[in-house]
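Report on the structure given below.
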Amino acid sequence: MPNAKLFFSEEDKSKIMEAIAKAEVATSGEIRVHLEEKCGEDVIKRATQVFAKLSMHKTELKNGVLIYLAVKDKKFAIIGDEGINNSVPENFWDTIKNNMQTAFSESRFADGIIGAIHESGEQLQHFFPFHNADVNEVSDEISFKDD
């Protein structure tokens, strides 16, 4: 299996970043994708650490979302900041995670990530609609461990 930076083709990386930009058009929520080879521990714990390292918790409305993937460990997580988690139902992420798992089980990794981005954006617009003064607080670039 390739390392995290080579996991997606350049075309897939572009599609993922385009999906983020498109999803954020209708919401003030901020979506980021991060890949690394191994999480080395509990995936939620590691994703939470990455969330903090990427300063996702510093958005004005506490509405950052991290889609985290450990490619060699074959683990993933979706982490939402406290503004989201305080606003949405308890099982908010379950359908998105289940759809990702289905795509991943069919080796459609880019499709799984892009689908999660679209679904997250659609859901977030109900709780965090886009405002004219909204600025992109988080990069749409895919991040990798040690970036």
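The values are calculated or read from the model by the stated rules, or taken from the named source; none is laboratory data. Every value quoted in this text rests on a predicted model; they were computed, and no experiment measured them. Here Cβ is always computed from backbone atoms with ideal geometry, including for glycine, and neighbour counts include all displayed protein chains.
Structure data summary
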{"quantity": "Residue list for region 88-103, filter: more than 19 Å from ILE16 (Cα to Cα), touching a helix residue (DSSP H, G or I) at 6+ places or on another chain (Cβ under 8 Å) and either in a helix (DSSP H, G or I) or among the charged types (D, E, K, R) (or both)", "calculated": "THR95"}
{"quantity": "Residue satisfying all of: in region 42-78; surrounded by 24 or more Cβ atoms within 10 Å (Cβ to Cβ) and of a type in the set (Val, Ile, Thr); farthest from the chain's Cα centre (by Cα) among these", "calculated": "VAL65"}
{"quantity": "In region 19-41, residue farthest from the chain's Cα centre (by Cα) [restricted to those that are acidic (Asp, Glu) and farther than 19 Å from MET56 by Cα]", "calculated": "GLU41"}
{"quantity": "Any hit, region 86-94, residues being more than 23 Å from THR48 (Cβ to Cβ) and surrounded by 16 or more Cβ atoms within 10 Å (Cβ to Cβ)", "calculated": "no"}
{"quantity": "Residue check for GLU137: under 22 Å from SER14 (Cα atoms) and modelled with pLDDT under 90", "calculated": "yes"}
{"quantity": "Residue count for region 1-60, restricted to those that are without any contact (Cβ under 8 Å) to a residue 40 or more places away in the chain, of a type in the set (D, E, K, R) and within 24 Å of PHE130 (Cα to Cα)", "calculated": "1"}
{"quantity": "For ALA116: the one exception among (1) farther than 19 Å from GLU137 by Cα; (2) without any contact (Cβ under 8 Å) to a residue 40 or more places away in the chain; (3) out of contact with any Cys (no Cβ under 9 Å at 6 or more places or on another chain); (4) not hydroxyl-bearing (Ser, Thr, Tyr)", "calculated": "(2)"}
